Amino acid sequence: MISENKKPVVLWARGILAAALFVVALFMLALSLPAVGVENTPTGDRDTAAGAFFCLVLSTLFGIGAGAVAFRWTTVRVLVALQMVLVVIIWTQVPSPF
């Protein structure tokens, strides 16, 4: 009887954890948006570019974490794949901090 009641709790916990990780990944992605483009971040402003680079790395890690927690769910895989495409697009638009 304990195992029957335990499975839905574990599934809900995995779902909530995956959703939280994905929200944090999108938040980190949004934090890197002000550094997109030469107008907002000149190449001389390395602090903003480094901060955006760090946020993009964290966004990637949290997205991978969300995908790992709920890999069996197709919706999560699709959302994480779309988020990774957005990370690559934004990463190419942010000036290099190095």
Taking only the stretch 82-95 into account, find how many residues are open to solvent by 50 Å² or more (accessible area, probe 1.4 Å) and either in contact with a Lys or Arg (Cβ under 9 Å, 6 or more places away or on another chain) or of a type in the set (A, V, I, L, M, F, W, C) (or both).
-> 6
Given the conditions (1) open to solvent by 80 Å² or more (accessible area, probe 1.4 Å); (2) touching a Pro at 6+ places or on another chain (Cβ under 9 Å), and given that Ala35 satisfies all but one, which numbered condition is not satisfied?
-> (1)
Out of Thr43, Thr48, Thr74, Thr60, report the one residue that is open to solvent by 90 Å² or more (accessible area, probe 1.4 Å) and either modelled with pLDDT under 90 or not aromatic (Phe, Trp, Tyr) (or both).
-> Thr43
How many residues, within the stretch 58-81, are among the aromatic types (Phe, Trp, Tyr), in contact (Cβ under 8 Å) with a residue 24 or more places away in the chain and closer than 17 Å to Leu11 by Cβ?
-> 1
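The values are calculated or read from the model by the stated rules, or taken from the named source; none is laboratory data. What you see is a predicted model, and the numbers here were worked out from it, not measured in a lab. As a convention, Cβ positions derive from the backbone with ideal geometry for all residues, glycine included, and neighbour counts pool all protein chains shown. Remember, those area values only see protein heavy atoms, side chains included, never the ligands or the DNA or RNA. Shrake-Rupley method; radii C 1.70, N 1.55, O 1.52, S 1.80 Å.
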